[in-house]
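Right, one structure below, let's go through it.
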Amino acid sequence: MSDLRPDQRERRDLVLRVAREVFAERGFQATTMDDIARRAGFTKPILYQYFESKTSLYRQIVAQTAAALLSQLDEAVAHADTPRAKIEVAFRVYFEMVVREPDAFRILFIHSHEGETVGELRNLELGLVSFLEPYINVAIGDDHRRQIAAGVVGIAEGAAVAWLVQQHRKGWPTPSVHEAQRLAARTATLAWGGLRAVQQD
């Protein structure tokens, strides 16, 4: 879509922002292109100028979120010196994005297990596992290391899901300025407690 004119790119970005809100509220299955068009103030044919289907629109939102998260993680860990510091800063960046963009992560963690979109979350999880593997600084085999990395990703994802559910139940209050840091610290403490006990089978 790099060949779009500035006004077309702006319209497409608006569609993505609005669709993200609607998908987060209703989930993939319950959302229609009509819902998104109405919320955006467009006709449905305009949506189809930019996205061939609801699925392609959904997948673009997920791809944007995953790419942004992995890019921010790469940039952040480049400034950390040790494997432990890299994992700790990765937790912080991860939860900063969850707190800052809850709609995107509601789509990923709450609604992405539906129908034809079930593989989207799995792809992101695998990307996060691959990202973490080099920083699991324990003398274990490659398969074991990947399993441990997957466990760490699961801890972070579980904490994020719990926080999103709590925010929903409370009516989406504005998070405190230290919310992401607190979530990251709690999760890192749990992860490091487990990593210290890891040893070769």
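For the chain, a Kirkwood hydrodynamic radius built from all Cα pairs, placed in the Stokes-Einstein relation at 37 °C and 0.692 mPa s, yields a translational diffusion coefficient of 180 µm²/s. Computed from Cα positions, the angle between helix 6-26 and the longest principal axis of the chain comes to roughly 70 degrees. The trypsin sites (Lys or Arg not before Pro) of the stretch 155-190 meeting both criteria, a DSSP state outside H, G, I, E and B (loop) and at most 15 other C-beta atoms within 10 angstrom of the site's C-beta, are 170. Peptides 76-87, 144-155 ranked from most to least packed by the mean count of surrounding Cβ atoms within 10 Å: 144-155, 76-87.
Would you please classify the overall shape of the stretch 17-61 from the alpha carbon gyration tensor, given that a ≥ b ≥ c denote the square roots of the eigenvalues, rounded means a/c under 1.5, and beyond that prolate means a/b larger than b/c while oblate covers the rest? Here the stretch 17-61 falls in the oblate category. The dipole here belongs to the stretch 61-196: it is taken about the Cα centre, uses +1 on the Cβ of Lys and Arg and -1 on the Cβ of Asp and Glu, and is about 560 debye.
If the stretch 1-110 were replaced by its equivalent ellipsoid, with semi-axes equal to the square roots of 5 times the Cα gyration tensor eigenvalues, what would those be, largest first, whole Å? All intermediate terms of the calculation are to be shown ahead of the outcome.
Numbers: eigenvalues 198, 52, 19 Å².
The three semi-axes for the stretch 1-110 are 32, 16, 10 Å.
Read-outs throughout are calculated quantities, based only on the coordinates presented, and are distinct from any laboratory measurement. Here the structure is a predicted model, which is why all the values come from computation and not from measurement. Heads up, the Cβs are rebuilt from the backbone with ideal geometry, glycines too, and the neighbour counts pull from every protein chain shown.
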